[in-house]
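*Asks:* Quick one: the structure is below, questions incoming.
Each value in this text was obtained by applying a stated rule to the coordinates, not by laboratory testing. All of these numbers come straight from a predicted model, not from anything done at the bench. So basically every Cβ, Gly included, is an ideal-geometry build from the backbone, and we count neighbours across all protein chains shown.
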């Protein structure tokens, strides 16, 4: 036999740890690149929307979001919120599935 039981077990644990670290690094890189892409697209979208300064003499009691030109900004805000929620849900799902895999892997051995 090439390995004793203890050596084989430690080798298996070491390899599984490396696989988990590689998987976590890939997920981290994917999430980081997604965040950068979302940030740049939001910056581009805000820059692409036409914005005109508000007239202050129309109404003293008015709000900025009640103007007719604020639709694009509201759209960007809703999109940013939706994408943030989607990203949060995906991260929580990924984390929970990873924790479940670790728990199940430890109970089988």
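*Asks:* Just to verify a number: FRET efficiency for residue 11 and residue 97, C-beta to C-beta distance, R0 = 25 Å, to 0.05?
*Replies:* Numbers: r = 26 Å, r/R0 = 1.03.
Result of the calculation: an efficiency of 0.45.
*Asks:* If I model a spin label as a point 7 Å beyond the Cα along the Cα-Cβ vector, how far apart are those points for residue 88 and residue 74 in nm?
*Replies:* 2.2
*Asks:* Calculate I(q)/I(0) for the range 12-54 by the Debye formula, one identical point scatterer on each C-alpha and no solvent, and give its log10 at q = 0.22, 0.28 Å⁻¹ to two decimals.
*Replies:* Each listed q corresponds, in turn, to -0.75, -0.89.
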